[in-house]
Amino acid sequence: MPSPAAPPADRRADPAPAAGRRPASGPPPGPRPLYIGTYTSVAGGGSGIGLATYDPESGRVTGSGTLPGVPDPSYLAVHPDGRTLYAVDERQDGGLTAVRLADRRVLGTRDSGGAGPCHLSVHPSGRWLLSADYGSGSVAVHPIDASGALGERADLVTHTSPAPGPGQQGPHAHQFLTGPDGGHVLAVDLGTDTVYSYRLDQAKGTLTEVAQAHTRPGAGPRHLTFHPDGRHAYLANEVNDTVAVCAYDPRTGRLTVGEPQATGSSGGTNYPAQFLVTANGRYAFLANRGHNSLARYAVEGGGARLRLLGTVPVGGDFPRQIAFSPDGGLLFAANQRSGTVTVFHVDADRGELLRAGEPFASPVAVCALPL
């Protein structure tokens, strides 16, 4: 806009450090890996997952080639242990590919169970891969084995209720992520204007729906990002160009969507894409496609309110996805139409963004994953 083998118990791992906070013992100084997702089936697209490095101090990006053999890798995620990269294969017959980072060996591809997978994430335990199929409006769970490879699908749910929203022909699952409590997973569906909450059986990988949260008809929710307090989240509504603050109950998995708010787009054609929240919980940033900006918000009321501070030009065209570096010191914006990745220095204490040099050229850049 797309009966499993039981995983061994020793695959459990701690989540990666939250963005905006430097871990007590981080990686050694020097260049860090950057992986770039693209479309390989469009004119001018890439030929696989883009490989690059970035300097964590200056933000300078240097290209180092391509990892071929992964078709249309439009969204990327990494295992909490940092050893395995996962990519969606955003095609009609959707796939999910695992890559071992030590030698960049493709460990295999599994059927996503639906059409056009556009998002994936790894459960913080490291045992389950969650994926969302935009074309078919379905979400899936795959087990992750000790090598990082994916097993046979554990569950698949297609969104059938409520009916599609205005202008939509069917469900369009756009994101599938784990709630802060770890026991619930949430699926954001643009087509049905709904965020579905599921209880995840962490032994079997099966899903049980426990709640639905509905936006205004035609909002077209795309991406949800949680505040560090675990009780609030921020929702980007792609179709009606709004955002909303949500309340979250970790005990039940129930999400409650608040009133729509401005994206800073000044009323022009704009499709908000994704939120990031600093680890100190004081600021949030939103990627605006069309307005081609990053909106800056102050987070107030312990996470319950967003106050728009203004926007910063992204320096590219159509910022589809944004990501913090692991220490939160940098923000990466993947600009689809300009084929660039823009890097910003992040001042998490004042909520300011300062561009770190000229954007890095990368064909049809739709996802940037800094490690």
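The values are calculated or read from the model by the stated rules, or taken from the named source; none is laboratory data. Since the model is a prediction, treat every value here as computed from it, not as a measurement. Cβ placement follows ideal geometry from the backbone for every residue including glycine, while neighbour counts extend to all protein chains displayed. Accessible surface areas use protein heavy atoms only, side chains included; no ligands, DNA or RNA. Shrake-Rupley method; radii C 1.70, N 1.55, O 1.52, S 1.80 Å.
So, A298, is that one over 18 Å from the mean Cα position of the chain (by Cα) and in a strand (DSSP E or B) or not?
On the way: over 18 Å from the mean Cα position of the chain (by Cα): yes; in a strand (DSSP E or B): yes.
When the stated conditions are applied, A298 passes them.
Looking only at segment 261-275, which residues are open to solvent by 50 Å² or more (accessible area, probe 1.4 Å) and touching a strand residue (DSSP E or B) at 6+ places or on another chain (Cβ under 8 Å)?
Q261, A262, Y271
Go through (1) over 21 Å from the mean Cα position of the chain (by Cα); (2) over 23 Å from S138 (Cα atoms); (3) in a loop (DSSP other than H, G, I, E, B) for E259 and report which single condition fails.
Unmet for E259, out of (1) over 21 Å from the mean Cα position of the chain (by Cα); (2) over 23 Å from S138 (Cα atoms); (3) in a loop (DSSP other than H, G, I, E, B): (3).
Collect the residues in segment 302-332 that are farther than 18 Å from A279 by Cα, of a type in the set (A, V, I, L, M, F, W, C) and in a strand (DSSP E or B), keeping them in residue-number order.
L308, L309, V312
Select the strands (runs of 3 or more DSSP E) contained entirely in segment 197-248, then report the ones holding at least 2 residues which are modelled with pLDDT of 95 or more and among the polar types (S, T, N, Q).
Values: elements: 207-214, 221-226, 232-237.
Those strands (runs of 3 or more DSSP E) span 207-214.
So which residues in segment 219-243 are touching a Gly at 6+ places or on another chain (Cβ under 6 Å) and more than 18 Å from F176 (Cβ to Cβ)?
H227, P228, D229, H232, V239, N240
Pick out, from segment 95-159, the strands (runs of 3 or more DSSP E) lying fully within it that include 2 or more residues that are open to solvent by 10 Å² or more (accessible area, probe 1.4 Å). Even if it seems obvious, please write down each step before you answer.
On the way: elements: 95-100, 105-111, 117-122, 128-133, 138-143, 155-158.
Per the criteria, 105-111, 117-122, 155-158.
Quick one: K204 ticks every box in (1) under 23 Å from A304 (Cβ atoms); (2) of a type in the set (K, R); (3) surrounded by fewer than 17 Cβ atoms within 10 Å (Cβ to Cβ) except a single one, so which number is it?
The failed condition is (1).
Can you confirm whether Y86 is of a type in the set (F, W, Y), open to solvent by 10 Å² or more (accessible area, probe 1.4 Å) and either over 22 Å from P326 (Cβ atoms) or under 14 Å from the mean Cα position of the chain (by Cα) (or both)?
Working: of a type in the set (F, W, Y): yes; open to solvent by 10 Å² or more (accessible area, probe 1.4 Å): no; either over 22 Å from P326 (Cβ atoms) or under 14 Å from the mean Cα position of the chain (by Cα) (or both): yes.
Here the answer is no, as Y86 does not meet what is asked.
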